């Protein structure tokens, strides 16, 4: 793949030239969905709808959506307490955490570790601040958030997909720890992707297997495993990647696609790849093609 700096002035692919120039409103895993007051947001997904068709939102509604995402992002309520005395009991851990509401507690005496689920993320963060590097019977304990391997990112959601619809989509595969959509800071509309963390890894695996390539309106879902550490801060939610589908089947050159996108923004990275998905013993067609061209264009700056 050629580097972006070596690209010559682009000549637009003939199949795309007939359809008009690229627009920031093209389909991407970042730009989609209205979901204001849950009533208005509960409208069915409309094929081919663009951000231009979505209503302007009131500032209060924009802030409500952003606040909900921030709340769910920070709602990691599971903590680890390490270096406990070998004979530590559940009752003793409850006493250590008596200022908080425990939903679950398991003590692994062999490892001197307690696995604890608190009421919410605020309690977990407060417990870490208060108890990390404190002492229990002369032993310095470590209190941290539990890692998770059950976090998924769902992309290519319709513009009109609501938070309620997103939760209904993912909750049938198992108990959910948290789920949320990502919204534009400017418009308040969905960027077309969201995150779900399941309580168990097998639930996340089942969800990924069932949802990957699933048609949703005129789109097909993409599902990826996520490293929870990449979501440690709110700004990390806003992807710099575009998913471009429904490209002409003969547009298979990454350099040509890079040249095409350089008319609007100069990509840092661009690659064309072919993705096949089998479902129910049939080749499943992503984006109405025999094979989908799934392109990630890593742009400079956050797209809105």
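The values are calculated or read from the model by the stated rules, or taken from the named source; none is laboratory data. Since we're looking at a predicted model, the values are computed, not measured. Every residue, glycine as well, gets a Cβ built from its backbone with ideal geometry; the counts of neighbours run over all protein chains shown.
Take the conditions surrounded by fewer than 23 Cβ atoms within 10 Å (Cβ to Cβ) and either under 12 Å from the mean Cα position of the chain (by Cα) or closer than 30 Å to residue 272 by Cα (or both) and apply them to residue 165. Does it pass? Don't jump to the end; show me each part of the working.
Numbers: surrounded by fewer than 23 Cβ atoms within 10 Å (Cβ to Cβ): yes; either under 12 Å from the mean Cα position of the chain (by Cα) or closer than 30 Å to residue 272 by Cα (or both): no.
Considered against the rule, which asks whether it is surrounded by fewer than 23 Cβ atoms within 10 Å (Cβ to Cβ) and either under 12 Å from the mean Cα position of the chain (by Cα) or closer than 30 Å to residue 272 by Cα (or both), residue 165 comes out as no.
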Only residues that are touching a helix residue (DSSP H, G or I) at 6+ places or on another chain (Cβ under 7 Å) and either modelled with pLDDT under 90 or assigned to a helix (DSSP H, G or I) (or both): list them for the range 221-236, please.
-> 230, 231, 234, 236
Those residues of the range 64-75 which are touching a residue at least 40 places away in the same chain (Cβ under 8 Å) and over 15 Å from the mean Cα position of the chain (by Cα) amount to 65
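Quick grid of which residues meet (1) touching a helix residue (DSSP H, G or I) at 6+ places or on another chain (Cβ under 6 Å); (2) buried (at least 22 other Cβ atoms within 10 Å of the Cβ):
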{"position": "159", "(1), (2)": "no, yes"}
{"position": "178", "(1), (2)": "yes, no"}
{"position": "190", "(1), (2)": "no, yes"}
{"position": "200", "(1), (2)": "no, no"}
Which of the residues that make up the range 114-150 are crowded, with 20+ Cβ neighbours inside 10 Å and touching a helix residue (DSSP H, G or I) at 6+ places or on another chain (Cβ under 8 Å)?
-> 114, 116, 118, 141, 143, 150
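Which residue, of 302, 264, is modelled with pLDDT under 65 and either part of a strand (DSSP E or B) or outside the structural domain of residue 161 (by TED's automatic domain parsing) (or both)?
Details: 264 fails: modelled with pLDDT under 65.
So the residue among 302, 264 that is modelled with pLDDT under 65 and either part of a strand (DSSP E or B) or outside the structural domain of residue 161 (by TED's automatic domain parsing) (or both) is 302.
Residue-wise test of (1) over 30 Å from residue 272 (Cα atoms); (2) modelled with pLDDT under 90; (3) assigned to a helix (DSSP H, G or I).
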{"residue": "1", "(1), (2), (3)": "no, yes, no"}
{"residue": "16", "(1), (2), (3)": "no, yes, yes"}
{"residue": "30", "(1), (2), (3)": "no, yes, no"}
{"residue": "43", "(1), (2), (3)": "yes, yes, no"}
{"residue": "46", "(1), (2), (3)": "no, yes, no"}
{"residue": "60", "(1), (2), (3)": "yes, no, yes"}
{"residue": "66", "(1), (2), (3)": "yes, no, yes"}
{"residue": "85", "(1), (2), (3)": "yes, no, no"}
